[in-house]
1. What spacing in nm lies between the two simple spin-label points modelled at S50 and A3, each 7 Å away from Cα in the Cβ direction?
2. For the chain, build the charge dipole from Cβ charges (+1 Lys, Arg; -1 Asp, Glu) around the Cα centre, then report which of T35, G70, I111 sits farthest towards its positive end.
3. Rounded to the nearest 20 debye, what is the charge dipole size of the chain about its Cα centre when +1 sits on each Lys and Arg Cβ and -1 on each Asp and Glu Cβ?
4. 7 Å from Cα along Cα→Cβ at both E75 and L142: what's the point-to-point distance in nm?
5. What's the extension gain from D220 to F201 if we count 0.36 nm per residue and subtract their Cα-Cα distance?
6. Cross-link partners among lysines for K198, C-alpha distance below 17 Å, same-chain residues fewer than 8 apart left out?
7. Given I310, I21, A165, which one lies farthest toward the positive end of the charge dipole of the chain, if we put +1 on the Cβ of every Lys and Arg and -1 on the Cβ of every Asp and Glu?
8. Let's test the formula: R0 of 35 Å, r as the Cβ-Cβ distance of N192 and V257. What FRET efficiency results, to the nearest 0.05?
Amino acid sequence: MTAALEVTELYKTFAVGKRLIGPPRAHVRAVQPLTLTINKGETLGIVGESGCGKSTLARMLVGLLEPSGGQIKIEGEPLNTADPAAFGRRIQYVFQDPVSSLNPRRTIRQIMEAPLKHLHGMSKAARARRIAEIFSAVNLRLDFLDRYPHEFSGGQAQRIVIGRALAADARILVLDEPVSALDVSIQAQVLNLLSDLKEKFDLTYLFISHDLAVVEAISDRIAVLYFGSVVEIGPAIQVFSQPRHPYTKLLAESAPVVGRPLTAPEGRETELPDPHNPPQGCAFRARCSRALSQCGLERPELVREGADRIIACHNSL
C-alpha cells in the first residue's frame, strides 16, 4: 500500500528548569524515537494514558511543535515547514475543543475563507462555491456563515472545524480527541460524518483519543503509546480483544463498560513513571505482573509477530 505519512525515529525533548543565563537544569523526553507508517486511505488510531505523548506527536506532525530529531514524510516527500502554504495543503489539524480553536472575533465565513485565500488564492466567487460545497458535506446551513463561534453548539462547532480543515484541501487530517468534548449522542453523529468524509474526499486520518471504544469503532489499525513509546500496533478488531502487550491488556480491562463493574488495575503501580527520572529498561515494568529480570535491564524493541502485529515486550501475552 502507498504510504501517506511516514514517521522515522521522531522524538521530542523539552527543556525544564530554564535559567536566565546558562543551559536549562534538565531535559525531559516527551516522545521517544518513534517510527510509524500510515497508509493512504487508512485511519490509524493512537491511544494511551494522559501524558503518554499523543498530543505532542500530533503537534509535531502538523508543524505546531518542532521535532528534536527524526523525519516526517508526506507521500514520500520530507516535510518542510519553510513554506507554510505548501505544508497546510498537505496536512491539517482538528482540535479537541472546537469553540476555543475558532477565532471569536471572526465570523464563520471569514474563518472558512482564510485557508481558501492564503493556501489556494481563490477568487471571491470560487470561495463561495467551495464553502457551499464543504458546508453541504458537513451538514451545515449556509446562513451559519454570518454568525460567530460562540453562537454554536459543540457539535456544530466541531463540524465547522472539520470543514475548515477540508477547505485547505489536505488529504491527511490529524484528529486530536475530536469528540471527547461532545455529548455521547453528538459523538456518534460526528464519527459517522468523519467516516462519510473519508470516503468522499479520499482522506487519511490519524485519530487520537483516550476513549478505546471510539478508537476501535473508527480505526483500521491502532497504535498503543506508553511513556512516549509505541508498545503495540495491530488491527483495530484485534488489539483490545486479543492484546499482546500487558499495557494494552490493562487499558482494555480498565475501560468502563456498561453492565460491568469497575475493577482495580493489575500491577503494583498505577501511574506513569517520573519523566524527570525515567526508569532503566522497560518503562512499564513497575506496573507489569509479567516483568522479567531482563525488563529492568533492556528496553524492548518493536518486533513483528505474525503478519499484522508489532509488539515491544520481552514477555508478551
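Since every read-out is calculated from the coordinates, none of them should be taken as a lab result. None of these values were measured; they are calculated from a predicted model. With ideal geometry, Cβ positions are generated from the backbone for all residues, glycine too; neighbour counts draw on all protein chains shown.
1. 3.4 nm
2. It is I111.
3. On the way: 37 positive and 34 negative charges, 158 e Å.
Taking the Cα centre of the chain as origin, the dipole is about 760 debye.
4. 3.0 nm
5. Numbers: separation 19, 0.36 × 19 = 6.84 nm, distance 1.73 nm.
That works out to 5.1 nm of additional length.
6. K40
7. I21
8. Values: r = 22 Å, r/R0 = 0.63.
Using R0 = 35 Å, I get an efficiency of 0.95.
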